[in-house]
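Just below is one structure, and these are the notes that go with it.
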Amino acid sequence: MFGKLRNWMIESANIMFDDSKSDIRSLPKSVRLQILIVLSFVWSTVFSLYVFSLTTFIWGWAGVVMGHIGLIIATYITFKFFHKAKKDNKSVFETGNYNPAKIFIFFFLIFFIFIFTKGIDVLTRTQSYPVQYDGPDKTTLQRIKDFVK
């Protein structure tokens, strides 16, 4: 079961990121990345229009778009590292190649996971404020009358 799922995921990712299997392999890499990002904008907009209300649309849309772009870039970089590691077959600890980009990606992923879990925490809370608020003491009409006097 998991072997079939794993193979399906690898084949699906290879369609987008493997240069020899991609349907858009004749295009330059930068154009392929642009196509993936435009598709993420399109699907994020469709999802956001369906899920979020008008007042929360822009924040939901921005979060979904940033999540897609982060996922695309992280997946692309991960596949590149694995393909390079398969060719070189050397450990980073053996070569001493502590690339700043690798360190940045590690901390970016930690930061991204932190932000994602905080977002889930906010969405699952039933009461966001510890102090109950039952509304104003006077109605709007009473406040207008007091102001006019």
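Read the figures in this text as sums done on the coordinates, not as results from a lab. As the structure is a computational prediction, the values presented were derived from the model and not from experiment. In this analysis, Cβ positions are derived from the backbone assuming ideal geometry, glycine residues included, and neighbour counts consider all displayed protein chains.
Provide the packing ranking of 134-147, 24-37, 55-68, i.e. peptides ordered by the mean count of other C-beta atoms within 10 Å per residue, highest first. Don't jump to the answer; show the numbers that get you there.
Working: 134-147: 8.9, 24-37: 12.4, 55-68: 14.8.
Put in order of decreasing packing, that is 55-68, 24-37, 134-147.
List, in the order given, every pair from LYS29/LYS118; LYS118/LYS138; LYS4/LYS29; LYS80/LYS118 whose Cα-Cα distance in the structure shown is over 32 Å.
On the way: LYS29/LYS118 34 Å; LYS118/LYS138 36 Å; LYS4/LYS29 29 Å; LYS80/LYS118 29 Å.
Over 32 Å apart, Cα to Cα: LYS29/LYS118; LYS118/LYS138.
Only lysines eight or more places from LYS87 in sequence, or on another chain, were considered; those with a Cα closer than 19 Å are LYS21, LYS102.
Treating each Cα of the range 2-89 as one equal point scatterer and applying the Debye formula with no solvent, the log10 of I(q)/I(0) at q = 0.12, 0.20 Å⁻¹ comes out as -0.48, -1.00.
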